[in-house]
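First up is the structure itself, then whatever we jot down about it.
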Amino acid sequence: MSEGEQAKPRRRRGRRRGRRSAGPPEATPSAATPPTPSPKAPRPTPAPPATEPPAAQEPHRAVPSPATISGSHKAAPARRAHDRLRTVHETSAGGLVIDGLDGPKERQVAALIGRIDRRGRMLWSLPKGHIEMGETAEQTAVREVAEETGVQGSVLAALGSIDYWFVTEGRRVHKTVHHYLMRFLGGELSDEDVEVTEVAWVPLRELPSRLAYADERKLAQVAGELIDTLHAHGPAALPPLPRTSPRRRPQTHSHTRGRRADDAAPPTPGRRTNGCGQGP
């Protein structure tokens with residue numbers, strides 16, 4: 001064989017190696033034309049896809065990675081701190097004292113207390129307080145109404161119970177409040193209680209617009225229904241009071257809704273007479 005015949009197989013072998021990545025071999029190439037650069041030219045073209053994925057992947061690794069890590073580190077202590085909170089259960093009682101129960105509903109009034117919240121707003125609510133050791137819920141309702149409003153009342157029927165959760169002073173508190181419909185017996189409104197900013201007789205029809213909390217507005221509706229039953233069928237038609245036992249253990253006293261703003265000036269102590277309601 002001549003040297004020219006031996007060179008062709010070597011060039012074909014080189015072209016076959018180059019074409020394996022570029023595609024199937026073309027028809028018989030000419031020995032004079034140097035087609036080697038043209039089949040090799042596409043070789044750099046597939047190379048960029050090999051370099052682009054790392055560049056495209058780096059932002060994806062860089063963006064979620066720190067966010068996920070920082071989020072997990074920040075959320076974990078919050079969950080642990082929440083789990084460390086001690087859970088306590090507290091029970092209170094209060095009442096809606098109505099004056100003029102034996103007369104028409106248009107003349108009936110209820111004793112409410114007002115407290116200033118942290119935003120400086122006056123929030124009106126039903127008088128209530130914690131059940132002390134040895135007290136039943138009914139006894140607490142009578143005592144708390146007298147302490148916070150200055151008037152005396154007697155329990156007629158249960159209005160219902162409200163329970164809710166809140167966090168204060170490093171503990172989770174589950175509060176349950178038992179409310180009662182009460183008849184006005186005597187006394188005069190007074191805001192001597194340091195936790196009360198204002199006391200007032202409010203017409204029964206104005207309770208839905210005056211009471212600050214939705215759950216207490218529902219209790220006012222129940223009170224209206226019980227008063228209708230009382231007028232139509234007498235005290236014997238009222239539902240019997242639920243049985244309660246005197247409290248045997250002391251409990252914590254946590255402050256929540258209606259708490260006085262820290263920067264608000266406390267009311268000046270002293271008795272103020274606001275009237276005795278509609279009278280007998």
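The values are calculated or read from the model by the stated rules, or taken from the named source; none is laboratory data. A quick note: this is a predicted structure, and the numbers were derived from the prediction, not measured. We place every Cβ from the backbone using ideal geometry, glycine too, and count neighbours over all the protein chains shown.
In this structure, is Ala141 buried (at least 19 other Cβ atoms within 10 Å of the Cβ), free of Cβ contacts under 8 Å to residues at least 60 places away in the same chain, under 21 Å from Leu230 (Cβ atoms) and more than 25 Å from the chain's Cα centre (by Cα)? I'd like the intermediate steps shown before the answer.
Numbers: buried (at least 19 other Cβ atoms within 10 Å of the Cβ): yes; free of Cβ contacts under 8 Å to residues at least 60 places away in the same chain: yes; under 21 Å from Leu230 (Cβ atoms): yes; more than 25 Å from the chain's Cα centre (by Cα): yes.
Taking the combined requirement at face value, the residue satisfies it.
Any residue at all in segment 209-220 that is farther than 20 Å from Glu106 by Cβ, among the aliphatic types (A, V, I, L, M) and in contact with a Phe, Trp or Tyr (Cβ under 6 Å, 6 or more places away or on another chain)? Yes, that holds for at least one residue. With the condition kept exactly as written, say whether any residue in segment 153-165 is in the same structural domain as Asp215 (by TED's automatic domain parsing), surrounded by fewer than 19 Cβ atoms within 10 Å (Cβ to Cβ), farther than 26 Å from Asp228 by Cα and not hydrophobic (A, V, I, L, M, F, W, C). Scanning segment 153-165, I find at least one residue that is in the same structural domain as Asp215 (by TED's automatic domain parsing), surrounded by fewer than 19 Cβ atoms within 10 Å (Cβ to Cβ), farther than 26 Å from Asp228 by Cα and not hydrophobic (A, V, I, L, M, F, W, C), so the answer is yes. Residues of segment 205-243 being surrounded by 17 or more Cβ atoms within 10 Å (Cβ to Cβ) and over 30 Å from the mean Cα position of the chain (by Cα), which ones? Correct list: Leu226, Ile227, Leu230.
Among the residues of segment 173-197, write down those that are outside any loop (DSSP other than H, G, I, E, B) and either surrounded by 15 or more Cβ atoms within 10 Å (Cβ to Cβ) or aromatic (Phe, Trp, Tyr) (or both).
Here is the first cut: in segment 173-197, the residues outside any loop (DSSP other than H, G, I, E, B) are 173-187.
Correct list: Val173, Lys175, Thr176, Val177, His178, His179, Tyr180, Leu181, Met182, Arg183, Phe184, Gly187.
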